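The values are calculated or read from the model by the stated rules, or taken from the named source; none is laboratory data. These figures come from a predicted structure and were not determined experimentally. Glycine also receives a Cβ, built like all others from the backbone with ideal geometry; neighbour counts cover every protein chain displayed.
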Amino acid sequence: MRRWDRERIIPILLILPSVIAIAVFVYGFIGFTGFVSFTKWNKLLPDFSLAGLRNYQTLFANRRFQIDMRNMVVFTVLFLISCLAIGFLLAFLLDQRIKGENLFRSIYLFPMAVSFIVTGVAWRWLLNPGSAEMGSTGVNLLFDTVGLGFLKTGWFTDPKIGIKAVAIAAVWQMSGYVMAMYLAGLRGIPEELREAARVDGASEVQILWHVIVPLLRPITLGAIIVLGHIALKIYDLIVAMTGPGIGFSCDVPAYFMWDTTFQANRFAQGASIATILLVMVGVLIVPYLAYSLRKEAEV
Amino acid sequence: MFRRTLINLVVVLAMVLAMVGVVSAAPQAQAETTYTIKLGDTLWALAEKYLGSGTAWPAIMASTNQKNIEDATFAYIRNADLIHPGWKLLIPSAETAKAFMAAYSPTKPELLFGKRAKGQLVVASWWTAGGEAEGLTGLFNIYGSKYPDVQIVNATVAGGAGFVFRPVLKTRLIAGDPPDTFQLHAGLEVEGYDPETYLEPMDDIFASEGLEKVFPADLLTLLEYKGHYWGVPVNIHRSNVLWYDKSIFADAGLTPPTTWDEFWAVADALKAKGVVPFVMGTSGGWEAPHVFEDVLAGTCGAEKYSGLWTGAVQWTDGCVAQALENFKRMLTYVNTDHPALSWDGAGHYLVGKKGAMMIMGDWANGWFEAQGYTGYGWAPSPGSKGIFVALSDSFSLPKKAPNRDNAIAWVKVCGSKEGQEAFNPRKGSICARTDCDPKLFNEYLQSAMADWASDAIVPSPVHGAAAIESWVTDFKDAIVLFVTSGDVAGTQAMLQQACVEAGTCK
């Protein structure tokens with residue numbers, strides 16, 4: 001019994017400080033934010049009397065918040081699908097043992113090394129449409145120069161495009177990362193499996209669909225988790241690139257959270273938005289955690 | 001068995017300590033030393049060499065500045081990026097540096113400048129560049145000549161109209177760690193700081209300095225909240241100015257419009273000439289609401305407009321719908337790329353003679369001059385002749401200010417004729433006082449001074465004068481939505497709802 005004590009207690013003591021720190025500074029404050037979202041703290045001076053679900057009710061009735069939620073869904077879906085498709089395509093092409101693979105791999109991966117702020121500023125210039133009177137700028141100017149003027153649009157200044165233009169910049173930044181994940185996955189598929197399929201008379205397309213893609217499923221899932229939570233939390237890119245945009249067409253809940261908390265002093269409402277975002281990220285992450293825990297248990 | 005565990009534990013602890021040593025970046029027990037700067041040195045590199053990490057440079061700056069107070073052979077580093085060969089620095093011991101870095105953060109720049117026996121004055125503002133910073137320096141010079149032993153610390157946080165500054169300041173106020181005085185838009189913005197909890201009323205200062213006699217009565221009404229004054233205004237800006245390019249108007253044989261009918265006629269004529277009649281830049285989110293507040297004042301008139309903000313007039317009033325209609329029609333004349341531009345970006349249309357008119361506050365005047373553009377003219381925005389939509393910056397007195405006496409002396413300088421005459425010509429604003437010498441100001445500002453003395457003064461909501469912050473946010477959101485929706489009835493209902501939620505309308 002004594003032995004068990006010492007053998008167990010010392011490791012527990014060693015990890016205790018970080019457990020306490022995380023308990024307080026991560027989960028403690030998550031709990032506090034959740035609590036604040038049910039209070040009446042909508043002035044600078046804290047007021048912790050309970051308001052029930054009122055903050056959530058006003059939030060969902062708020063026109064701006066409705067637009068934000070729709071923007072977030074549009075952004076997440078576009079960002080996920082485009083990143084996965086482009087990332088897989090690049091990885092698949094690079095996997096053909098082409099010359100200069102290292103160079104291409106670096107080129108595609110580099111955008112990931114810059115911060116969203118830098119991406120935002122650069123794409124703000126690239127997608128600035130200019131006007132008929134002052135002349136086109138950025139991508140529109142490029143279209144003009146190569147005689148594709150009919151492709152010109154207002155980009156993020158067009159309320160119908162709005163957040164989709166922001167998604168272009170985000171896809172540019174993150175698809176290289178997905179490529180790297182897929183490339184590692186493709187390299188991990190034993191050649192024997194493809195050989196076996198070929199012996200059985202499968203065409204290359206069939207091999208792709210019935211052998212390679214299923215084997216890459218864990219990677220796809222991992223990429224969805226990583227990209228998904230980036231998409232839900234996106235804020236810095238919006239700040240640097242467009243701001244809330246015309247008619248809030250580029251606005252997201254995270255931006256609204258900052259606005260309503262620090263400009264309008266509605267701390268409880270800001271906490272409600274934070275809580276909603278947390279729940280949404282949770283919906284995305286928890287199944288993945290459960291899945292990987294089950295995998296670990298199986299191994 | 002227990003001994004082995006103990007040994008393991010000791011080994012693990014030793015490793016942890018070794019790692020901590022690396023992380024906290026103290027390669028050896030560095031003692032305090034003096035160092036003379038050589039060509040090519042930077043504080044970052046010195047911190048890296050002596051303290052193990054470049055990020056510890058503020059510790060060197062702070063210890064040198066502190067030493068400078070008692071021993072002038074040491075350098076006084078005003079700006080960390082400007083150091084000169086030959087300067088003597090005091091490099092602190094690793095321990096001192098570590099303790100300092102734990103207490104320091106970029107939001108507390110005052111820690112970098114040492115502590116004088118006579119104390120400091122920490123002035124927090126969002127004036128970081130151009131004429132604003134020059135004006136602030138002018139005030140500092142006057143204060144410095146009166147109180148030479150007080151160390152002025154210019155704690156600025158960049159960001160237009162203070163939208164980054166305010167969150168920083170609010171967290172400091174809630175944490176009980178305020179600067180000595182901070183910039184505040186005069187008017188109801190003060191509600192956002194919960195003045196009865198966090199600020200000191202300034203009625204005594206207004207009385208002792210005779211400020212009630214030198215500020216216009218309309219301004220005093222705006223300044224009062226819950227029966228007290230909470231800030232001393234240092235300047236006045238006008239929101240409702242229509243800027244236009246004189247040569248475009250001359251070529252087209254037009255005169256600046258004073259009424260809405262004239263505005264439409266002028267705009268149509270300009271459009272036919274291939275010029276953008278009316279330019280805006282709305283990327284910051286506040287510019288469209290800014291234009292709308294002037295449209296509102298120009299449509300409803302001074303009395304009704306003021307009533308909207310005090311609750312005497314409901315937002316269901318017909319003039320609000322008319323103002324929205326006017327604004328909507330205005331947007332049909334606007335440049336297509338306005339969501340990608342800031343207001344000064346839009347100003348380039350005027351400078352380049354591609355656009356004819358723009359409504360913006362009179363800080364645009366300073367911007368035009370900085371561009372070397374002289375062909376601009378000005379008029380009150382349509383319908384607002386005789387109305388002065390005003391905003392003003394003031395300085396406040398937080399409770400628990402570390403150097404309260406210095407701060408009181410500061411706000412007195414801000415309210416004085418001398419202080420305002422030093423600040424305003426540089427900032428490109430007019431004095432809140434009515435007794436400043438017009439000869440110090442440029443032609444536009446002289447005309448604004450004349451209007452300030454004679455016009456009806458009404459407050460600007462977008463710039464913090466007319467309404468509490470939560471109401472302003474709702475107001476702005478409603479207008480930003482209106483720009484794309486064009487829904488007059490729906491927007492009017494939202495504006496009324498915002499007023500109700502603010503507790504002003506019923």
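General observations
- Residue count for the range B:168-208 under the criterion of being crowded, with 16+ Cβ neighbours inside 10 Å, within 19 Å of B:S105 (Cα to Cα) and either in contact with a Cys (Cβ under 6 Å, 6 or more places away or on another chain) or within 14 Å of chain A (Cβ to nearest Cβ) (or both): the result is 8.
- Pairs meeting the criteria (first residue in the range B:459-478 and among the hydroxyl-bearing types (S, T, Y), second residue assigned to a loop (DSSP other than H, G, I, E, B) and surrounded by fewer than 24 Cβ atoms within 10 Å (Cβ to Cβ), beta carbons under 6 Å, at least 6 apart or on different chains) are B:S470/A:A264; B:T473/A:A264.
- If you filter the range B:80-114 down to residues that are among the charged types (D, E, K, R) and surrounded by 15 or more Cβ atoms within 10 Å (Cβ to Cβ), you find that the one that is modelled with the highest pLDDT is B:K88.
- Some residue of the range A:131-139 being within 14 Å of chain B (Cβ to nearest Cβ), at negative phi, charged (D, E, K, R) and buried (at least 20 other Cβ atoms within 10 Å of the Cβ): no
- Top-ranked residue of the range B:34-71 - restricted to ones that are outside any helix (DSSP H, G or I) and without any contact (Cβ under 8 Å) to a residue 40 or more places away in the chain, ranked as surrounded by the most Cβ atoms within 10 Å (Cβ to Cβ): B:S53
- Screening B:A465, B:A493 for residues that are more than 22 Å from the chain's Cα centre (by Cα) and more than 9 Å from chain A (Cβ to nearest Cβ) leaves exactly one candidate, B:A493.
Residue by residue, here is whether (1) within 30 Å of B:T484 (Cα to Cα); (2) touching a residue at least 12 places away in the same chain (Cβ under 8 Å); (3) within 13 Å of chain B (Cβ to nearest Cβ) holds:
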position	(1), (2), (3)
A:A51	no, yes, no
A:Q57	yes, no, no
A:A61	yes, no, yes
A:V73	yes, no, no
A:V77	yes, no, no
A:L80	yes, yes, no
A:A85	no, no, no
A:A91	no, yes, no
A:G100	no, no, no
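- Near pairs, Cβ below 7 angstrom, 6+ apart or cross-chain, from the range A:245-272 (at the interface with chain B (Cβ under 7 Å from one of its Cβ atoms) and closer than 18 Å to A:F156 by Cα) to any residue that is buried (at least 24 other Cβ atoms within 10 Å of the Cβ) and among the polar types (S, T, N, Q): A:I246/A:T157; A:I246/B:T282
- Matching residues in the range A:1-16 - criterion: being at pLDDT below 80 and either facing chain B (nearest Cβ under 9 Å) or touching a Leu at 6+ places or on another chain (Cβ under 8 Å) (or both): A:R2, A:R3, A:R6
- Considering residues of the range B:315-338 that are more than 19 Å from B:D487 (Cβ to Cβ) and either touching a residue at least 60 places away in the same chain (Cβ under 8 Å) or surrounded by fewer than 17 Cβ atoms within 10 Å (Cβ to Cβ) (or both) only, the residue nearest to the other protein chains (Cβ to nearest Cβ): B:T336
- Restricting the search to helices (runs of 4 or more DSSP H) fully inside the range B:404-506 and requiring at least 2 residues that are within 19 Å of B:S239 (Cβ to Cβ) and in contact with a strand residue (DSSP E or B) (Cβ under 9 Å, 6 or more places away or on another chain) gives B:417-427, B:443-454.
- Residue match in the range B:359-368 (condition: touching a Lys or Arg at 6+ places or on another chain (Cβ under 9 Å) and either within 13 Å of another protein chain (Cβ to nearest Cβ) or among the hydrophobic types (A, V, I, L, M, F, W, C) (or both)): yes
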